[in-house]
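The values are calculated or read from the model by the stated rules, or taken from the named source; none is laboratory data. Keep in mind that what you see is a predicted model, and the values were worked out from it rather than measured. FYI the Cβ positions are ideal-geometry reconstructions off the backbone, even for glycines, and counts take in every protein chain you see.
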2 protein chains.
Amino acid sequence: MAQKPSLPKGTRDFSPIEVAKRNYIVDIIKKQFELFGFHPIETPSFENSETLMGKYGEEGDRLIFKILNSGDYLKKIDEDLYSSKNSTKITGKISEKALRYDLTVPFARYVVQHQNEIVFPFKRYQIQPVWRADRPQKGRFREFYQCDADVVGSKSLWQEVDFIQLYDRVFTQLNLQGVTIKINNRKVLSGIAEVIGASDKLIDFTVALDKLDKIGEDGVKKEMLEKGISESAIEKVKPLFNFTGTTSKKIDKLKELLVSSEEGMRGVEELEFIVNSISEIPLKTSNLDLDVTLARGLNYYTGAIYEVSAPETVKLGSIGGGGRYDDLTGIFGLKDVSGVGISFGLDRIYLVLEELGLFPETVAPQTKALFINFGNEEALYCLRAVNRLRNEGIITELYPDHTKMKKQMGYADKRGIGYVILAGTSEISNNTFTVKNMHSGTQEEMNFEELKMILQ
Amino acid sequence: MAQKPSLPKGTRDFSPIEVAKRNYIVDIIKKQFELFGFHPIETPSFENSETLMGKYGEEGDRLIFKILNSGDYLKKIDEDLYSSKNSTKITGKISEKALRYDLTVPFARYVVQHQNEIVFPFKRYQIQPVWRADRPQKGRFREFYQCDADVVGSKSLWQEVDFIQLYDRVFTQLNLQGVTIKINNRKVLSGIAEVIGASDKLIDFTVALDKLDKIGEDGVKKEMLEKGISESAIEKVKPLFNFTGTTSKKIDKLKELLVSSEEGMRGVEELEFIVNSISEIPLKTSNLDLDVTLARGLNYYTGAIYEVSAPETVKLGSIGGGGRYDDLTGIFGLKDVSGVGISFGLDRIYLVLEELGLFPETVAPQTKALFINFGNEEALYCLRAVNRLRNEGIITELYPDHTKMKKQMGYADKRGIGYVILAGTSEISNNTFTVKNMHSGTQEEMNFEELKMILQ
């Protein structure tokens, strides 16, 4: 019996129009990466398990797809371990490779492995799929693309500035108005932790603070007290409860608040440098917003933190993010190489452009004309013309089969082909073509040069 | 202790220049696919195991990479089976997904699954990686890209003709002279099998015949006899021992030889149609060669068989192949859909272009100018210019750190950047830039408009 075809959970086929729309986004991102001097690299889809395991926390380890060893892989397991039937312990013995979980760890591995060929600061971009055994839901897939750009080998804050400009240029090219680039700084978060008295309360604190709009100041305070943050600590960070106004006003408030924290003050200075530089070279379409509740990947980043929000009318959350990490390559033995990078969420950006109707009308190359097949002799006459039109870069096709006119016309119609070309005995002897405009329905006999003109 | 980074056997990192060269090839192939009216699709990297298993023979099943189920995957195995410790049998219980082995089976699955959205004949192309647990060797990897174009839903031979034209256009665009497109037909091979008396001897027969150049007619005959092909059968197919001359001469010989085989004669007629049509619309750079020893994927193809050889000076063998298969989608329940397709071997083509020095000099986008960093004030002045140059699509960068001039110049030099721009206090007050040509060593002070002119 034939198999009923289906796809694994959380994976997708992409139809021609979907591929074309995805490529439209990717090509714009690529073009801007290159304009900013980033160079592409590619790494293998699977890595040795020890390269990936332990880099994303316990949850991450669980979500990594493992590849089964080839051959008689059970043979090598000793009897004691085998009889334990312990999946976690046995995994390490029957699987040596795993699918890439993100592009950052493979990039760190790449930098260390190729350090002698690389010119630092190394600016690389990478656009490849990653895989996570996550529960699929709207906008979350088990196979999805990441589009990353990173610089390693320099601590200069000019890079933080450049990445904001890069984000802005991509969204400008996509005609996507109203994007907000939120920035924060890990050191500011450390400073807040100092001020509230305990770094282990920091996440509770930012989560509560983030609800200010919804539950008001009293609600936030209540939640903080419940989480064990003291009344006096809350009093100290009170300026954060009214954290509005211009970015420079926000920076003034942070300075006041974090004056007692050396690390916090360094974070504020970094933010100030970035914000001032951006004000000198203003963004074209995006908004820059200082958001102290932004704490993504807390343990990972050491300086700047970015997160990009879709325009407010689209309820979709983050469409990109990134930040600075001071010691990413350390895990592979190369110390003190600072990195900073950003990522674009291709699937989310796709949904945003779709919802806002921002894809251009002709996002895919389109066949300009279909030559009708009236039999072998006519077909050959047409194929000669097809061949010459292809020389001019004009996309044309001969209908492969000599079947009913209606079927051939239907094909042109369904595929949205603008012109249908008919050439029978009379056209062949006149060395002409009858050209039917599928839109207007009119048709006209003409020679090859005239045909070429029309299709160009 | 830090891990020493390494890659799984048979996989590769691609450096920026390698990515650029690969993209150069892929972009040309893509462009031609589109010129011929093919549309791109993409399928997931992994499929349900039952979609792939059993489609590539026993050897293929072994070479498919299987993905381990998540969670406590051993729990579900019953004790009897578990205690057998039989890797092959247990695999089916602990792995439900597998990495794509080629693009053809996923394409067949796609066509069946989306048959109601597809307009037939459906012309699709697909350029994605595939994975095989093969023993790695020169030019053979465990992860590699396939570039496939196929048409399904029509039996017209005009498609066979079009694919030869497509091959020729790609190699022409790559400036690759001397490629040979070899064609044969499965029905001709069946005819030969009939004539030599047994279809199970067909592979032995073609393998022996293929050695004609090396071991001579007597050697070939000897090998055939050893393989159990009768003296009288060999006598009958004697014309194949002197199978030279023009393609039309070869076709005449085949007609004579296969006159008693109905299927064989149909194959010859198909070849004749293709060869005659190509002679009417001659190829630009490639040679077309009828090769009766060509028997790739014997059980798979039902009509035309293609194989493309690199120019003879490069000892590399096949750089592409394909053919017609009459019932690919049948395995997924959609009967009588004929397909024909070709594939380009990206890795092999890369090696050929490299060996023949055929990559263009500037295959990658290159940073035109590096602005030297003399401190924050100067850097901001430069970044304004960088921003304006980027508006014009000119790739420029500011060196991120305010370090020694020598280091910054060294960076420009190693990256092959043509111009270095210096702007200190004097340039800022003059609103100018000092531009150093890294090739000639000369330098000149100029305003922004002049700078833009030089870099454009």
Item to check | Odd one out for A:LYS55, checked against (1) at the interface with another protein chain (Cβ under 9 Å from one of its Cβ atoms); (2) part of a loop (DSSP other than H, G, I, E, B) | outcome: (1)
Item to check | Meets criteria (touching a residue at least 24 places away in the same chain (Cβ under 8 Å) and not assigned by TED's automatic domain parsing to the domain that holds B:PHE163) for B:GLU312 | outcome: no
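Name the single residue that is farthest from B:ILE28 (Cα to Cα) among those in segment B:76-100 being assigned to a loop (DSSP other than H, G, I, E, B) and either out of contact with any Ser or Thr (no Cβ under 7 Å at 6 or more places or on another chain) or at the interface with another protein chain (Cβ under 7 Å from one of its Cβ atoms) (or both).
In this case the residue turns out to be B:ASP78.
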Next on the checklist: Looking for something within 13 Å of chain B (Cβ to nearest Cβ) and either of a type in the set (Val, Ile, Thr) or part of a loop (DSSP other than H, G, I, E, B) (or both) - is there at least one such residue anywhere in segment A:170-187?
Outcome noted: yes
Item to check | Among residues of segment A:197-213, those that are surrounded by 15 or more Cβ atoms within 10 Å (Cβ to Cβ) and either part of a strand (DSSP E or B) or of a type in the set (S, T, N, Q) (or both), counted | outcome: 1
Item to check | Subset of segment B:421-456 that is free of Cβ contacts under 8 Å to residues at least 60 places away in the same chain and within 14 Å of chain A (Cβ to nearest Cβ) - its residue that is surrounded by the most Cβ atoms within 10 Å (Cβ to Cβ) | outcome: B:ILE421
Checklist entry - Which residues, counting only those in segment B:379-412, are at the interface with chain A (Cβ under 9 Å from one of its Cβ atoms) and of a type in the set (A, V, I, L, M, F, W, C)? => result B:ALA379, B:LEU380, B:LEU383, B:VAL386, B:ILE394, B:ILE395, B:LEU398
Checklist entry - Taking segment B:332-341, which residues are surrounded by fewer than 23 Cβ atoms within 10 Å (Cβ to Cβ) and within 20 Å of B:ASN184 (Cβ to Cβ)? => result B:SER338
Checklist entry - So A:LEU103 fits all but one of (1) at the interface with chain B (Cβ under 9 Å from one of its Cβ atoms); (2) touching a residue at least 60 places away in the same chain (Cβ under 8 Å); (3) crowded, with 19+ Cβ neighbours inside 10 Å; what number is the exception? => result (1)
Checklist outcome for this item: Scanning segment A:41-51 for residues that are crowded, with 18+ Cβ neighbours inside 10 Å and at the interface with chain B (Cβ under 7 Å from one of its Cβ atoms) gives A:ILE41, A:GLU42, A:THR43, A:PRO44, A:SER45, A:PHE46, A:GLU47, A:ASN48, A:THR51
Checklist outcome for this item: In segment B:167-177, anything surrounded by fewer than 21 Cβ atoms within 10 Å (Cβ to Cβ) and within 20 Å of B:VAL275 (Cβ to Cβ) is listed as B:THR172
Checklist entry - Of the residues that sit in segment B:267-312 and are assigned to a helix (DSSP H, G or I) and hydrophobic (A, V, I, L, M, F, W, C), which one is farthest from the chain's Cα centre (by Cα)? => result B:VAL268
Item to check | Single residue of B:LYS249, B:LYS284 found to be basic (Lys, Arg), in contact (Cβ under 8 Å) with a residue 24 or more places away in the chain and surrounded by fewer than 15 Cβ atoms within 10 Å (Cβ to Cβ) | outcome: B:LYS284
Checklist outcome for this item: B:HIS114: passes all of (1) under 30 Å from A:GLU377 (Cβ atoms); (2) without any contact (Cβ under 8 Å) to a residue 24 or more places away in the chain but (1)
Item to check | B:ASN376 being surrounded by fewer than 20 Cβ atoms within 10 Å (Cβ to Cβ), within 14 Å of another protein chain (Cβ to nearest Cβ), of a type in the set (S, T, N, Q) and within 20 Å of A:LYS123 (Cα to Cα) | outcome: no
Item to check | Subset of segment A:123-169 (residues that are part of a loop (DSSP other than H, G, I, E, B), in contact (Cβ under 8 Å) with a residue 60 or more places away in the chain and closer than 21 Å to B:GLN408 by Cβ) | outcome: A:GLY153, A:SER154, A:LYS155, A:LEU157
Item to check | Residue satisfying condition, being farther than 30 Å from A:CYS382 by Cα, aromatic (Phe, Trp, Tyr) and either at pLDDT 95 or above or in the same structural domain as B:THR51 (by TED's automatic domain parsing) (or both), within set B:TRP131, B:TRP158 | outcome: B:TRP131
Checklist entry - Before we move on, is B:GLU194 assigned to a helix (DSSP H, G or I) and over 32 Å from the mean Cα position of the chain (by Cα)? => result yes
Checklist entry - Taking segment A:294-307 as the region of interest, how many residues are surrounded by fewer than 18 Cβ atoms within 10 Å (Cβ to Cβ) and either within 19 Å of A:LEU254 (Cβ to Cβ) or not polar (S, T, N, Q) (or both)? => result 4
Item to check | Number of the condition not met by B:GLU217 [criteria: (1) more than 29 Å from B:PHE344 (Cβ to Cβ); (2) within 28 Å of the chain's Cα centre (by Cα)] | outcome: (2)
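Every residue, every condition in (1) surrounded by 15 or more Cβ atoms within 10 Å (Cβ to Cβ); (2) more than 9 Å from chain A (Cβ to nearest Cβ); (3) hydrophobic (A, V, I, L, M, F, W, C), yes or no:
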position: B:ASN116; (1), (2), (3): no, yes, no
position: B:PRO121; (1), (2), (3): yes, no, no
position: B:PRO129; (1), (2), (3): yes, no, no
position: B:PRO136; (1), (2), (3): yes, yes, no
position: B:ARG140; (1), (2), (3): no, yes, no
position: B:ALA149; (1), (2), (3): yes, yes, yes
Checklist entry - Filter segment B:5-40 for residues that are facing chain A (nearest Cβ under 7 Å) and either hydroxyl-bearing (Ser, Thr, Tyr) or in contact with a helix residue (DSSP H, G or I) (Cβ under 6 Å, 6 or more places away or on another chain) (or both); which is farthest from B:ARG140 (Cα to Cα)? => result B:LEU35
Next on the checklist: Of everything in segment A:308-331, what is surrounded by fewer than 22 Cβ atoms within 10 Å (Cβ to Cβ) and not small (Gly, Ala, Ser)? Give them in sequence order.
Outcome noted: A:PRO311, A:GLU312, A:THR313, A:VAL314, A:LYS315, A:LEU316, A:ASP326, A:ASP327, A:ILE331
Checklist entry - What residue, among those in segment A:58-75 that are within 30 Å of A:GLN126 (Cα to Cα) and without any contact (Cβ under 8 Å) to a residue 24 or more places away in the chain, is farthest from the other protein chains (Cβ to nearest Cβ)? => result A:GLU58
Next on the checklist: Out of the residues in segment A:133-167 meeting the condition of being touching a helix residue (DSSP H, G or I) at 6+ places or on another chain (Cβ under 9 Å) and among the acidic types (Asp, Glu), tell me which one is farthest from A:GLY323 (Cα to Cα).
Outcome noted: A:ASP134
Checklist entry - What tally of residues in segment A:318-336 results from selecting those that are in a loop (DSSP other than H, G, I, E, B) and hydroxyl-bearing (Ser, Thr, Tyr)? => result 0
